[in-house]
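Everything on this sheet refers to the single structure shown next.
What follows draws every value from the coordinates through simple rules; no lab data is involved. Quantities reported herein were computed from a predicted structural model and do not represent experimental measurements. Don't worry about glycine lacking a Cβ; one is built from the backbone with ideal geometry, like all the others, and counts go over all protein chains shown.
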Amino acid sequence: MSSALITNAEIINEGRRFAADVLVKDGRIAAIGGDLQGRAADRVIDAAGRLLMPGMIDDQVHFREPGLTHKADLASESRAAVAGGITSFMEMPNTNPPTLDLQRLQAKYARAAQVSRANYSFYLGASNDNIAAIRSVQPGQACGVKVFMGASTGNMLVDDEQTLAAIFADSPLLIATHCEDTPTIQANEAEYRQRYGEAVPMSAHPLIRSELACLRSSTLAVELARRYDARLHVLHITTARELDLFAPGPVADKRITAEACVHHLYFDQEDYAEKDTLIKCNPAIKRAQDRAAILAAVSADRIDVIATDHAPHTLQEKAGTYFKAPAGLPLVQDALPSLFEHVRAGRLRLETLVHKTSHAVAECFGIEQRGYIREGYWADLILVDPNKPYTRERDQVLYKCGWSPFEGRRFHARIDLTMVNGEVAYESGQINDAVRGLALAFRTAR
Ligand code: DOR
């Protein structure tokens, strides 16, 4: 393993900004200090003018392997992730076949060990009939149990009341929920179909996958978590009305946490006119006032973490009509630059960005020795130039699906370098294809 000395960086870590050097050795952060310049290292990286941060830990991605690899796979999307400054990811179970038992989980870990450029973990999926697998899952075998409490891509809806109660009562791991009430959505769909036939406009998406659908389902999830004292993490909050369900404060004090996603913080319903089905996702992108309220809730510690919900589909699939186009958009490569735009506009503190994309994710899931710049921790680090503007163009996109919802958008912050376990996985537009990530390790059960 190589060693590296990163000099002259401005470090953003644990709520502080300070100048220091960082020595990386054997995959770990060996020393942090003001006077490391004489220390021996295989490589010196002069980080003058750049920010040194912990890499993002993305707690929600869909990398599509096995079975949907015409859209994406673990190798292609983990390459895009490291180019975007994401050093660890947690992957969702709505693959084909879905990840509903321990064998399929283990197969994903084995595949990731072979091909993933970033560190990885996988969710066990829930269905109406796999409670035995859920009861038997151990910390370390999965990062959590994913429950679709609303139907979305893949047929994984859990709507049986007794099954839901059993999952919340017995899951040994954190329960991560997709909350949208399917009966409410179906009633809205029927109404719009009656009015427009198949030609429902894309702008109806946030009215069909409505605020009420989100609120009903996340209210039920929170009620179940309280009743059974479950460790609940509600994914991708999209409405201001749901925010009252979550308490402000540090993750360490909470049994119920919440996530916001980068696209819900960046786009609003006015963007459907330009982006159409490319930004169709579940839950839907909603109003500008919802976006503003969610961003404020991030800063108020009511929303605990920021993730991507990277969910690629091909352009051909996306070219369908409202009902036919699948929901989901690819995001890992542009997630951090899009968040830096909020920092630049004064809507988000840089320290908060780092907290929500790394420290708080590590706390939420009990991830061992990652998510912070601390001596002894794994060296998952990124160097960011906050002022190197560019326009996202399609030819720079690394996703297998070959497009980005941010095409044509201007970003100011650029990820210059990404280190995964002390190895440079990405630097100045080049991926190091020799790097492989490790499985995330977890401290706690639920
Ligand atoms: O928009 C979405 N796409 N939401 C989901 O819940 C699933 C995801 C996908 O897998 O495509």
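Details
- Residue among Ala72, Ala83 that alone is among the small types (Gly, Ala, Ser) and either touching a Pro at 6+ places or on another chain (Cβ under 8 Å) or closer than 15 Å to Asn130 by Cβ (or both): Ala72
- Qualifying residue in the stretch 177-185 (condition: in contact (Cβ under 8 Å) with a residue 40 or more places away in the chain, assigned to a helix (DSSP H, G or I) and on the phi < 0 side of the Ramachandran plot): no
- Some residue of the stretch 86-99 being away from the ligand (no atom under 15 Å from the Cβ), surrounded by fewer than 24 Cβ atoms within 10 Å (Cβ to Cβ) and over 30 Å from Asp416 (Cβ atoms): no
- Checked against the criterion of being crowded, with 22+ Cβ neighbours inside 10 Å, on the phi < 0 side of the Ramachandran plot and touching a Cys at 6+ places or on another chain (Cβ under 7 Å), the candidates Leu329, Leu339 yield just one match: Leu329.
- For the stretch 117-124, the count of residues that are farther than 20 Å from Thr219 by Cα, crowded, with 24+ Cβ neighbours inside 10 Å, over 17 Å from the mean Cα position of the chain (by Cα) and in contact (Cβ under 8 Å) with a residue 12 or more places away in the chain is zero.
- Leading residue by the ranking (farthest from the ligand (Cβ to nearest atom)) among those in the stretch 267-277 that are in contact (Cβ under 8 Å) with a residue 60 or more places away in the chain and over 18 Å from Ala199 (Cβ atoms): Gln269
- Across the stretch 291-304, not a single residue is classified as part of a loop (DSSP other than H, G, I, E, B), within 15 Å of the ligand (Cβ to nearest atom), hydrophobic (A, V, I, L, M, F, W, C) and touching a residue at least 60 places away in the same chain (Cβ under 8 Å).
- Just so you know, in the stretch 355-384 the residues that are among the charged types (D, E, K, R) and within 22 Å of the chain's Cα centre (by Cα) include one that is surrounded by the most Cβ atoms within 10 Å (Cβ to Cβ), and it is Asp380.
- Filter result for Arg241 (without any contact (Cβ under 8 Å) to a residue 40 or more places away in the chain, more than 25 Å from Asp160 (Cβ to Cβ), surrounded by fewer than 18 Cβ atoms within 10 Å (Cβ to Cβ) and in contact with a helix residue (DSSP H, G or I) (Cβ under 7 Å, 6 or more places away or on another chain)): yes
- Some residue of the stretch 200-208 being assigned to a loop (DSSP other than H, G, I, E, B), within 16 Å of the ligand (Cβ to nearest atom) and more than 22 Å from the chain's Cα centre (by Cα): no
- Any chance Pro172 is within 16 Å of the ligand (Cβ to nearest atom) and either under 18 Å from the mean Cα position of the chain (by Cα) or part of a loop (DSSP other than H, G, I, E, B) (or both): no
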